[in-house]
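Reading through the structure tokens given below for one structure.
The values are calculated or read from the model by the stated rules, or taken from the named source; none is laboratory data. Everything quoted here is computed from the prediction, not taken from an experiment. A quick note on method: Cβ atoms are made from the backbone with ideal geometry, for glycine too, and the neighbour counts reach across all protein chains shown. Note: accessible area is taken over every heavy atom of the protein model, side chains too, but ligands, DNA and RNA are not part of it. Shrake-Rupley method; radii C 1.70, N 1.55, O 1.52, S 1.80 Å.
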Amino acid sequence: MSSQEHLRTYRHLLREINRQFTQVNGNRAWASQLRLQWRSSATNGQTQQLTAAKNVLSYLANSRKYKELLAEFNPK
């Protein structure tokens, strides 16, 4: 895996965490935890961690899109 792919995944994860958690309640703990986990896995060079990160990113992005669509088509 290339370093650009690692960096792209990391940036996308940070962006999703900021959209869903940090902007909502102002708590930077999620982003801080991601940074710690990412740095520890980067030093180990584990490709399984990158695959897991992509799965988490996919889940976060799709759950956000689902919430947006639900709010749009099922207003309260």
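Quick look at the values:
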item: Packing-based ranking, highest mean first, of 46-55, 7-16 given that Cβ atoms within 10 Å are counted; result: 7-16, 46-55
item: Computed label-point distance, nm, for sites Arg19 and Asn55 using a 7 Å Cα→Cβ extension; result: 2.2
item: [x] 1.05; [y] 0.98; [z] 1.08, with the label sought being that of the calculated Rg/Rh (Cα atoms, Kirkwood Rh); result: [x]
item: The chain, relative contact order [Cα under 8 Å, separation at least 6], %; result: 39
item: FRET efficiency, 1/(1 + (r/R0)^6) with R0 35 Å, evaluated for Lys67 and Ser2 via beta carbons; result: 0.60
item: Fraction of accessible area attributable to carbon and sulfur, the chain (%, probe 1.4 Å); result: 53
